[in-house]
Amino acid sequence: MKYSTLLDFPDRFLWGASTSAYQVEGAWNEDGKSPSIIDLYEHPAEYADFKIASDHYHRFREDIRLFSEMGLKAYRFSIAWTRILPEGTGRVNQTGINHYREVIRECRAYGIEPVVTMYHFDLPYCLEEKGGWSNRETIDAFTAYAEILFREYGSEVTYWLTINEQNTMILHPGAIGLPKGGKLPSRKELFLQNHHMMIAQARAMKLCHALCPNGKIGPALNLTAMYPESCRPEDAIAAHNWEVLRCWNFADVPVFGWYHPLAVRYFEDRGLMPEVHPEDRALLQDARPDFIAMNYYSTATIAASRGDSSDVSARSGDQQIMLGEEGVYRAAENPHVSRTRYGWVIDPEGFRYTLRKVYERYHLPILVTENGIGAPDVLEADGSIHDSYRIEFLKQHIHAMRLAITDGVRMIGYCPWAALDVVSTHQGYQKRYGFIYVDRDEFNLKEMKRYEKDSFYWYQKVIADHGTIL
Ligand code: BG6
């Protein structure tokens, strides 16, 4: 739709940037922190692991000062559960509590809104040993953890994100990391884990509203619109199948209190329905988020299943993610979009389309918690980094977001991935996302000096102009 004028970004729009604890902090076994599943999972030998990462744990003051120079209005980071509760539950590690209090206060001192993810893939390993999310007791552990966070930081944090990309963890568990021996849970078990996470999330949302008078809380899912490969009705049905199973089924539960009807039939038909306790429905219906947080990277194009094993294929450029399911959908190519060098679809119009769909479905304001392009940035001899591809990517996506706002979508903010270079989930530092370059290689840590990339100065200007000039 064309408009005679575009609406402006809302006055208090949160121009931000994101990280997650395990990808940026390092200090994996310091100050009382216990190992998370990420610390102990198998890791490809050719890439940096997460033990030292970008050393943000020790350098957060320097990093937040740089964020403030960039003009950030918000910093989205995650709290490592293993720093707060080294045994997963029970004993509180005061050093961990103090650390995040300092991070929050440092943000506030610069007028940066802290946006806190409570759980970004890094379950305490000691809980994993007791069955992890397959064990219903993990719900209680997460609820206790959430209560500590709300009591400790509730007066200083407004925006809370419950669980990062629950849909990725459940649908593509290998993308996060492989347990020792490489054995992943069965799908039946994964959907039980999903159910437990949903209840844990509902309890956390309810607690947040009870304990934090100004708190706002929401799920942080990876959401994306799907295109049918053609106007064949079978392709449209397949695209809808996967959009429901990948996206809406995960957001419907926190917002509407129960699974999407198509997903329920899918679970029942395939014997995947999780064990539901009598009190579960009431628990799920008793809580509601204040906003939807979403990570958006690309769209998918979907065709009808061929009804045989050729429906399943690895995502282009990403062997850890298998797409397609016999009798449900098949991944197809989209000739109208470009791709990153890692094969990820670049689709700013798809961003606008996804924002519209999310808002139309949930009628809740949207906080974008990830969006960005991974690339092997090059540090020049003079300390500059010319990441024009990142500027182009972000420019197009910010423009698409403004169009979505003009379409009537209510937006809270935009926190692209990433505030500074982080260890990517499985391509180490060869695939960088930050506005700030961290000078280290996969194994040579050097001095980890920080350098502003061209995108840093560009985003600084975008924020100063409130998104009007890109
Ligand atoms: C998101 C995750 O799915 O994608 C981040 O929340 C991750 O943790 C990001 O880093 C980019 O993926 P990758 O595999 O390129 O690091």
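The values are calculated or read from the model by the stated rules, or taken from the named source; none is laboratory data. Note that the structure is a prediction, hence the values are computed from the model and not measured. Don't worry about glycine lacking a Cβ; one is built from the backbone with ideal geometry, like all the others, and counts go over all protein chains shown. Ligands, DNA and RNA are stripped out before the accessible areas are found, and what is left, the full protein with its side chains, is counted by its heavy atoms. Shrake-Rupley method; radii C 1.70, N 1.55, O 1.52, S 1.80 Å.
For the pair segment 254-292 / segment 307-332, the C-alpha centres are spaced 26 Å from each other. Ranked by the mean number of other Cβ atoms within 10 Å per residue, highest first, peptides 180-186, 449-455 order as 449-455, 180-186.
For segment 247-392, the alpha-carbon coordinates run over 64, 42, 25 Å along the three principal axes, in decreasing order. Take every Cα pair under 8 Å whose residues are at least 6 apart in sequence, average their separation, divide by the length of segment 331-394, and the relative contact order is 26 percent.
For the chain, relative contact order (Cα pairs under 8 Å, six or more residues apart, normalised by length) works out to 18 percent.
Overall shape: oblate for segment 286-357, with the ratio a/c of the largest to smallest alpha carbon gyration tensor axis at 1.5 or above and b/c at least equal to a/b. Amide hydrogen proximity for residue 321: with H placed 1.01 Å from N in the peptide plane, the residues at 5 or more positions away or on another chain lying under 5 Å are 315.
Give the residue from 261, 309, 141 lying farthest towards the positive end of the charge dipole for the chain; charges sit on Cβ (+1 for Lys and Arg, -1 for Asp and Glu) and the dipole is referred to the Cα centre. Checking the options against the dipole of the chain, the answer is 261. Each peptide in 267-280, 146-159, 419-432 receives the mean, over its residues, of other Cβ atoms within 10 Å, and ordering these scores from highest gives 419-432, 146-159, 267-280.
Across 5 Å bins from the origin, how do the percents of Cα pairs in segment 1-145 run, short distances first? Histogramming segment 1-145 at 5 Å steps yields 2, 9, 17, 19, 16, 13, 10, 6, 4, 3, 2, 0 percent. In the structure displayed, which of 357/453; 180/449; 33/180; 431/453 lie more than 25 Å apart, Cα to Cα? Check vs 25 Å cut-off fails for 357/453; 180/449. The solvent-accessible area of residue 340, taken with every protein chain present and a 1.4 Å probe, is close to 20 Å². Solvent-accessible surface (1.4 Å probe) assigned to residue 407 amounts to roughly 40 Å². Two tests apply to each whole DSSP H helix in the chain, Cα reach of 30 Å or more along its axis and mean Kyte-Doolittle hydropathy of at least -0.5, and the ones passing both are 187-211. Share of antiparallel DSSP beta bridges in the chain, in percent to the nearest 5? Bridges in the chain that DSSP calls antiparallel: roughly 35 percent.
Taking the charge dipole of the chain about its Cα centre, with +1 at Lys and Arg Cβ atoms and -1 at Asp and Glu Cβ atoms, the residue from 373, 48, 6 reaching farthest to the positive side is 6.
Measuring nothing but how far apart in sequence close Cα pairs (under 8 Å, 6+ apart) lie, relative to its length, segment 37-195 scores a relative contact order of 29 percent. Between segment 348-363 and segment 214-231, the C-alpha centres lie 8 angstrom from each other. The helix-based estimate of mean residue ellipticity at 222 nm for the chain, built from -39,500 (n - 2.57) per DSSP H run of four or more residues and divided by its residue count, is -11500 deg cm²/dmol to the nearest 500. Residue 323 contributes about 30 Å² of solvent-accessible surface, heavy atoms of the protein only, 1.4 Å probe. Around the amide H of residue 293, modelled in the peptide plane, lie the amide H atoms of 221, 367, all under 5 Å away and 5 or more residues distant in sequence or on another chain. As a ratio to 2.2 N^0.38 Å, the alpha-carbon radius of gyration for segment 143-300 is 1.12. One decimal place: the segment residue 110-residue 270 gains 52.4 nm when fully extended, by the rule 0.36 nm per residue minus the C-alpha distance.
Between residue 187 and residue 156, the modelled label-to-label distance comes to 4.6 nm, taking each label 7 Å out from Cα in the direction of the beta carbon. Between residue 306 and residue 237, the simple label model (points 7 Å from Cα in the Cβ direction) yields a spacing of 1.9 nm. Across segment 214-223, computed HN-Hα scalar couplings (Karplus, 6.51 cos²θ - 1.76 cosθ + 1.60, θ = phi - 60°) run 9, x, 10, 9, x, x, 10, 9, 8, 10 Hz from first to last residue, x flagging Gly and Pro. Applying Stokes-Einstein at 25 °C and 0.890 mPa s to the Kirkwood radius of segment 68-117, computed over alpha-carbon pairs, gives a translational diffusion coefficient of 210 µm² s⁻¹.
Both radii come from the Cα set of segment 389-470: Rg as radius of gyration, Rh as Kirkwood radius; their ratio Rg/Rh reads 1.06.
Taken one residue at a time, the phi angles of segment 30-44 give Karplus couplings (6.51, -1.76, 1.60, θ = phi - 60°) of 9, 6, x, 6, 9, x, 9, 4, 4, 4, 10, 6, 5, 9, x Hz. Gly and Pro are set to x.
With every protein chain in place and a 1.4 angstrom probe, the accessible-area ranking of 1, 197, largest first, reads 1, 197.
Here the translational diffusion coefficient of segment 210-255 follows from Stokes-Einstein with Rh set to the Kirkwood radius across Cα pairs; for 4 °C and 1.567 mPa s it amounts to 102 µm²/s.
Summing Cβ point charges (Lys, Arg +1; Asp, Glu -1) relative to the Cα centre of the chain gives a dipole of roughly 780 debye. Remark: the residue 95-residue 430 segment gains 117.3 nm on full extension, using 0.36 nm per residue and subtracting the alpha carbon distance.
Can you compute log10 of I(q)/I(0) for segment 326-470 with the Debye formula, treating each Cα as one identical point scatterer, at q = 0.09, 0.12, 0.15, 0.17 Å⁻¹? Those come out to -0.33, -0.58, -0.85, -1.03, one per q. Projected label points at residue 285 and residue 2, each 7 Å from Cα along the beta carbon direction, are separated by 4.9 nanometres. In the chain, the portion of solvent-accessible area held by carbon and sulfur atoms comes to 51 percent [1.4 Å probe, whole percent, DNA, RNA and ligands not counted].
Per residue, the Cα convex hull of the chain amounts to 140 Å³.
The 3J(HN,Hα) values that the Karplus relation (6.51, -1.76, 1.60; θ = phi - 60°) gives for segment 45-55 are, in residue order, 5, 7, 10, 4, 8, 9, 5, 10, 6, 9, 6 Hz. Gly and Pro appear as x.
Each 10 Å bin from 0 upward holds the following percent of the Cα-Cα pairs of segment 83-164: 17, 50, 26, 6, 0.
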